[in-house]
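Asker: The structure is given below, and queries will be raised subsequently.
The values are calculated or read from the model by the stated rules, or taken from the named source; none is laboratory data. Source: prediction; values computed, not measured. Every residue, glycine among them, receives a Cβ derived from its backbone with ideal geometry; neighbour counts consider all protein chains shown. To get the accessible areas, we keep the full protein, side chains included, count just its heavy atoms, and leave off ligands, DNA and RNA. Shrake-Rupley method; radii C 1.70, N 1.55, O 1.52, S 1.80 Å.
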Amino acid sequence: MNAQFLDTEAAFALRAKQLVDRLYDQMADALIERGLKIISKTMGIVQLLYSEGAKSQAQIADRLKYSPQLTAQRLAWLIDNEFVVSQRDPSDARRRLVELTAAGMAEGSKLQSFLPELISAYDALFEEIGIDLDAAIQKADGALEATPLKERMASPSKLNRRTGGVM
(Lines give C-alpha, C1' and ligand atoms only; values in the text may rest on other atoms or scores of the structure.)
Protein backbone atom coordinates (compact mmCIF):
# COMPACT_ATOMS: atom_id res chain seq x y z
CA MET A 1 0.00 0.00 0.00
CA ASN A 2 1.32 3.39 -0.97
CA ALA A 3 2.34 5.26 2.20
CA GLN A 4 0.05 8.17 1.33
CA PHE A 5 -2.93 5.86 1.86
CA LEU A 6 -1.93 4.56 5.31
CA ASP A 7 -3.71 7.44 7.03
CA THR A 8 -6.90 7.17 4.98
CA GLU A 9 -9.91 4.87 4.96
CA ALA A 10 -7.96 2.65 2.55
CA ALA A 11 -6.16 1.28 5.64
CA PHE A 12 -9.41 0.70 7.56
CA ALA A 13 -9.09 -3.11 7.50
CA LEU A 14 -5.51 -2.82 8.80
CA ARG A 15 -6.62 -0.63 11.70
CA ALA A 16 -9.59 -2.91 12.43
CA LYS A 17 -7.22 -5.91 12.58
CA GLN A 18 -4.88 -4.01 14.89
CA LEU A 19 -7.82 -3.20 17.17
CA VAL A 20 -8.91 -6.84 17.24
CA ASP A 21 -5.36 -7.93 18.11
CA ARG A 22 -5.20 -5.34 20.92
CA LEU A 23 -8.58 -6.51 22.28
CA TYR A 24 -7.52 -10.16 22.32
CA ASP A 25 -4.18 -9.32 23.96
CA GLN A 26 -5.83 -7.23 26.66
CA MET A 27 -8.55 -9.86 27.23
CA ALA A 28 -5.81 -12.45 27.68
CA ASP A 29 -4.27 -10.33 30.44
CA ALA A 30 -7.69 -9.89 32.09
CA LEU A 31 -8.44 -13.63 31.91
CA ILE A 32 -5.12 -14.48 33.59
CA GLU A 33 -5.64 -11.81 36.25
CA ARG A 34 -9.02 -13.35 37.11
CA GLY A 35 -7.66 -16.90 37.29
CA LEU A 36 -9.00 -18.27 34.02
CA LYS A 37 -6.81 -20.67 32.06
CA ILE A 38 -8.49 -20.52 28.66
CA ILE A 39 -7.09 -18.20 26.02
CA SER A 40 -9.16 -15.24 24.88
CA LYS A 41 -9.66 -16.60 21.37
CA THR A 42 -11.46 -19.67 22.77
CA MET A 43 -13.92 -17.77 24.99
CA GLY A 44 -16.74 -17.94 22.44
CA ILE A 45 -16.53 -21.71 22.10
CA VAL A 46 -16.36 -22.26 25.85
CA GLN A 47 -19.32 -19.92 26.44
CA LEU A 48 -21.35 -21.61 23.67
CA LEU A 49 -20.72 -25.12 25.00
CA TYR A 50 -21.27 -24.01 28.60
CA SER A 51 -24.60 -22.36 27.83
CA GLU A 52 -25.95 -24.69 25.12
CA GLY A 53 -24.24 -28.04 25.64
CA ALA A 54 -22.48 -30.38 23.23
CA LYS A 55 -22.25 -29.34 19.58
CA SER A 56 -20.64 -30.64 16.42
CA GLN A 57 -17.69 -28.75 15.01
CA ALA A 58 -19.90 -27.58 12.13
CA GLN A 59 -22.56 -26.32 14.56
CA ILE A 60 -19.92 -24.38 16.51
CA ALA A 61 -18.54 -22.83 13.32
CA ASP A 62 -22.02 -21.90 12.12
CA ARG A 63 -23.18 -20.46 15.45
CA LEU A 64 -20.04 -18.35 15.97
CA LYS A 65 -19.62 -17.50 12.26
CA TYR A 66 -16.12 -18.99 12.25
CA SER A 67 -14.54 -20.74 9.28
CA PRO A 68 -14.20 -24.52 9.65
CA GLN A 69 -10.41 -24.10 9.78
CA LEU A 70 -10.53 -21.47 12.55
CA THR A 71 -12.98 -23.63 14.52
CA ALA A 72 -10.70 -26.66 14.18
CA GLN A 73 -7.68 -24.63 15.27
CA ARG A 74 -9.39 -23.27 18.38
CA LEU A 75 -10.89 -26.64 19.25
CA ALA A 76 -7.45 -28.26 18.91
CA TRP A 77 -6.12 -25.90 21.59
CA LEU A 78 -9.08 -26.68 23.87
CA ILE A 79 -8.65 -30.44 23.31
CA ASP A 80 -4.86 -30.30 23.86
CA ASN A 81 -5.44 -28.43 27.12
CA GLU A 82 -8.21 -30.82 28.19
CA PHE A 83 -11.03 -28.27 28.30
CA VAL A 84 -13.12 -30.15 25.71
CA VAL A 85 -13.44 -33.66 24.34
CA SER A 86 -14.70 -34.81 20.98
CA GLN A 87 -16.77 -38.00 20.95
CA ARG A 88 -18.97 -39.84 18.49
CA ASP A 89 -22.57 -38.67 18.49
CA PRO A 90 -24.65 -41.56 19.91
CA SER A 91 -27.50 -40.69 17.52
CA ASP A 92 -25.29 -40.39 14.39
CA ALA A 93 -22.00 -42.30 14.32
CA ARG A 94 -20.80 -40.22 11.36
CA ARG A 95 -20.77 -37.07 13.49
CA ARG A 96 -18.61 -36.07 16.44
CA LEU A 97 -19.81 -33.91 19.30
CA VAL A 98 -17.61 -31.53 21.23
CA GLU A 99 -18.37 -31.03 24.91
CA LEU A 100 -16.72 -29.43 27.89
CA THR A 101 -14.72 -31.56 30.31
CA ALA A 102 -14.93 -30.96 34.06
CA ALA A 103 -12.04 -28.48 33.66
CA GLY A 104 -13.90 -26.83 30.78
CA MET A 105 -17.07 -26.55 32.87
CA ALA A 106 -15.04 -24.91 35.65
CA GLU A 107 -13.67 -22.38 33.14
CA GLY A 108 -17.18 -21.81 31.80
CA SER A 109 -18.40 -21.14 35.32
CA LYS A 110 -15.60 -18.59 35.93
CA LEU A 111 -16.40 -17.03 32.57
CA GLN A 112 -19.91 -16.18 33.84
CA SER A 113 -18.34 -13.72 36.29
CA PHE A 114 -15.84 -12.42 33.75
CA LEU A 115 -18.32 -11.59 30.98
CA PRO A 116 -20.37 -8.96 32.88
CA GLU A 117 -17.09 -7.21 33.76
CA LEU A 118 -16.11 -7.32 30.08
CA ILE A 119 -19.47 -5.82 29.09
CA SER A 120 -18.97 -3.01 31.62
CA ALA A 121 -15.48 -2.32 30.27
CA TYR A 122 -16.81 -2.16 26.70
CA ASP A 123 -19.68 0.10 27.77
CA ALA A 124 -17.17 2.50 29.37
CA LEU A 125 -14.99 2.39 26.25
CA PHE A 126 -17.94 3.09 23.95
CA GLU A 127 -19.02 6.00 26.14
CA GLU A 128 -15.47 7.38 26.11
CA ILE A 129 -15.21 7.26 22.31
CA GLY A 130 -18.80 8.38 21.74
CA ILE A 131 -19.98 5.39 19.67
CA ASP A 132 -21.44 1.96 20.38
CA LEU A 133 -18.72 0.21 18.42
CA ASP A 134 -20.37 -3.20 18.78
CA ALA A 135 -23.60 -1.93 17.20
CA ALA A 136 -21.64 -0.10 14.50
CA ILE A 137 -19.65 -3.24 13.65
CA GLN A 138 -22.82 -5.31 13.42
CA LYS A 139 -24.41 -2.67 11.20
CA ALA A 140 -21.31 -2.51 8.97
CA ASP A 141 -21.20 -6.31 8.72
CA GLY A 142 -24.84 -6.41 7.65
CA ALA A 143 -24.30 -3.66 5.11
CA LEU A 144 -21.29 -5.46 3.64
CA GLU A 145 -23.23 -8.71 3.48
CA ALA A 146 -25.98 -6.93 1.55
CA THR A 147 -23.59 -4.98 -0.71
CA PRO A 148 -20.03 -6.36 -0.77
CA LEU A 149 -17.04 -4.03 -0.90
CA LYS A 150 -16.22 -4.86 -4.52
CA GLU A 151 -19.72 -3.73 -5.57
CA ARG A 152 -19.33 -0.54 -3.58
CA MET A 153 -16.00 0.11 -5.30
CA ALA A 154 -17.46 -0.55 -8.76
CA SER A 155 -20.44 1.75 -8.33
CA PRO A 156 -19.47 5.28 -9.45
CA SER A 157 -22.93 6.61 -8.61
CA LYS A 158 -22.45 6.36 -4.85
CA LEU A 159 -21.42 9.58 -3.18
CA ASN A 160 -18.34 9.80 -1.06
CA ARG A 161 -19.78 10.94 2.26
CA ARG A 162 -16.55 12.69 3.34
CA THR A 163 -16.10 14.88 0.29
CA GLY A 164 -19.61 14.92 -1.14
CA GLY A 165 -18.08 13.92 -4.46
CA VAL A 166 -18.40 10.77 -6.52
CA MET A 167 -16.26 7.84 -5.45
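Conditions tested, residue by residue: (1) of a type outside the set (D, E, K, R); (2) farther than 25 Å from Glu117 by Cβ; (3) in contact (Cβ under 8 Å) with a residue 60 or more places away in the chain.
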| residue | (1), (2), (3) |
| --- | --- |
| Gly35 | yes, no, yes |
| Gly44 | yes, no, no |
| Gln47 | yes, no, yes |
| Tyr50 | yes, no, yes |
| Lys55 | no, yes, no |
| Ile60 | yes, no, no |
| Arg63 | no, no, no |
| Pro68 | yes, yes, no |
| Thr71 | yes, yes, no |
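Asker: Check Glu9 against each of (1) within 28 Å of Leu133 (Cβ to Cβ); (2) modelled with pLDDT of 95 or more; (3) open to solvent by 90 Å² or more (accessible area, probe 1.4 Å) and name the one condition it does not meet.
Answerer: (2)
Asker: Another question, then. Tyr24 passes all but one of (1) of a type in the set (Ser, Thr, Tyr); (2) free of Cβ contacts under 8 Å to residues at least 12 places away in the same chain; (3) touching a Lys or Arg at 6+ places or on another chain (Cβ under 8 Å); which number fails?
Answerer: (2)
Asker: What number of residues within segment 28-86 are within 15 Å of Ser109 (Cβ to Cβ) and of a type in the set (Lys, Arg)?
Answerer: Count: 2.
Asker: Still on this structure, please answer the following. Consider segment 86-105. How many of its residues are under 22 Å from the mean Cα position of the chain (by Cα) and aliphatic (A, V, I, L, M)?
Answerer: Selection size over segment 86-105: 4.
Asker: Turning to a different aspect of this structure: Residues that are touching a Pro at 6+ places or on another chain (Cβ under 9 Å) and open to solvent by less than 60 Å² (accessible area, probe 1.4 Å): list the helices (runs of 4 or more DSSP H) wholly contained in segment 34-148 that include at least 1 such residues.
Answerer: On the way: elements: 43-52, 57-64, 68-80, 102-129, 133-146.
So the answer is 57-64.
Asker: If only one of Lys150, Lys139, Lys110 is of a type outside the set (A, V, I, L, M, F, W, C) and more than 29 Å from Glu52 (Cα to Cα), which one is it?
Answerer: Numbers: Lys139 fails: more than 29 Å from Glu52 (Cα to Cα); Lys110 fails: more than 29 Å from Glu52 (Cα to Cα).
When all the criteria are applied, what remains is Lys150.
Asker: Starting from residues that are acidic (Asp, Glu) and in a helix (DSSP H, G or I), keep the ones in segment 1-33 and report whichever is farthest from Leu75 (Cα to Cα).
Answerer: Filtering segment 1-33 down to residues acidic (Asp, Glu) leaves 7, 9, 21, 25, 29, 33.
Next, from what is left, pick out any that are in a helix (DSSP H, G or I): 9, 21, 25, 29, 33.
Values: Glu9: 35, Asp21: 20, Asp25: 19, Asp29: 21, Glu33: 23 Å.
Residue satisfying both the conditions and the ranking: Glu9.
Asker: In segment 1-38, what residues are within 13 Å of the chain's Cα centre (by Cα) and not charged (D, E, K, R)?
Answerer: Across segment 1-38, the qualifying residues are Ala16, Leu19, Val20, Leu23, Tyr24, Met27.
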